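Enquirer: Below: one structure in structure tokens.
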Amino acid sequence: MKIAAILVAAGTGTRFGADMPKQFLLLAGKPVIRHAAEALAAHVPLLQPVGEAGPIGDALDGVAGLLPVVPGGATRQDSVRAGLEALAPFAPDIVLVHDAARPFIPPETIPALVAALAESPGAIPAAPVADTLKRVVRGVITETVPRAELFRAQTPQAFRFAVLLDAHRSGLVGATDDASLLEAAGLSVEVVPGSDDNIKLTYPDDLVRLERIMGVSRG
């Protein structure tokens with residue numbers, strides 16, 4: 001069974017407020033994107049990065065299984081499709097889609113995702129919502145949202161390659177993650193246990209949390 005991964009690195013990370021896209025910031029002496037790539041490469045022989053070739057090439061030099069970078073699109077969905085089309089000649093059975101700004105992938109996550117694809121065309125890691133959720137309109141609470149069946153979706157997300165490629169070619173738009181494309185097509189997506197340590201670097205405080213998770217000392 002041939003497994004490939006798409007590493008989505010086309011975002012600009014404006015919410016983080018740094019001088020460079022957040023995926024290229026240093027964490028434990030390496031760019032954030034390199035941590036993500038090395039975690040994928042431990043399980044996946046083909047790694048397709050999507051984004052700006054120059055900085056990605058510099059950050060990922062020497063990573064096993066690295067394919068030539070393909071440019072990203074106007075949206076995340078466009079970027080993932082570009083990665084899928086680039087992988088199509090390799091005809092993988094399974095594809096993982098991962099955000100370059102998530103540097104820590106728990107070691108049990110990818111094996112669990114691949115195992116789930118024996119029964120479902122898609123699988124994602126997700127963690128249950130723990131906080132009480134409020135719907136707020138113009139600064140005022142309008143209702144409390146039941147959280148019993150709510151989960152926070154994470155990446156990498158895993159799919160049977162042909163199914164995800166067909167979903168991206170179908171013309172559906174506006175997907176914020178790849179699982180939602182399968183949902184819109186009426187296909188099942190299984191959930192495997194996510195982790196609170198699988199943080200997407202979005203704000204400066206996230207970098208501090210990731211340093212703690214990865215055992216980095218600031219002293």
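Only the coordinates and a few stated rules stand behind these numbers; no lab work does. What you are looking at is a predicted structure, and each value in this text was computed from that prediction instead of being measured. Cβ sites come from the backbone with ideal geometry, for glycine too, and all protein chains shown count toward neighbours.
Enquirer: Work out, step by step, the length gained on full extension between Leu150 and Phe90: first 0.36 nm times the residue separation, then minus their alpha carbon distance; give nm to one decimal.
Expert: Between Leu150 and Phe90, full extension yields 18.0 nm more.
Enquirer: Ignoring everything except DSSP H segments at least 4 long, calculate the 222 nm mean residue ellipticity for the chain; use -39,500 (n - 2.57) per segment, divide by total residues, nearest 500.
Expert: Calculated from helices alone, the mean residue ellipticity at 222 nm is -8000 deg cm²/dmol.
Enquirer: Follow-up. If a/c stays under 1.5 just call it rounded; otherwise compare a/b with b/c (prolate if a/b is bigger, oblate if not). Do that for segment 33-95, with a ≥ b ≥ c from the square roots of the Cα gyration tensor eigenvalues.
Expert: Because a/c hits 1.5 or more and a/b fails to exceed b/c, segment 33-95 counts as oblate.
Enquirer: May I pose another question? Go through segment 49-63 residue by residue and turn each phi into a ³J(HN,Hα) via Karplus (6.51, -1.76, 1.60, θ = phi - 60°); whole Hz please, and just put x for glycine and proline.
Expert: Along segment 49-63, the couplings run x, 10, x, 8, 4, x, x, 5, x, 5, 6, 10, 3, x, 5 Hz.
Enquirer: Need one number: nm distance between label points at Ser180 and Lys2, each 7 Å from Cα along Cα→Cβ, rounded to one decimal.
Expert: Computed distance between label sites Ser180 and Lys2 equals 3.1 nm.
Enquirer: List the equivalent ellipsoid semi-axes of segment 124-200 in whole Å, largest first, each obtained as the square root of 5λ for an eigenvalue λ of the Cα gyration tensor.
Expert: 28, 17, 11
Enquirer: Rg (Å, one decimal) plus Dmax (Å, integer) for the alpha carbons of the chain?
Expert: Rg then Dmax for the chain, in Å: 17.4, 52.
Enquirer: Going 7 Å from the Cα of Ser188 in the Cα-to-Cβ direction, what parts of segment 108-125 have a backbone nitrogen less than 14 Å from that spot?
Expert: Backbone N within reach: 116-124.
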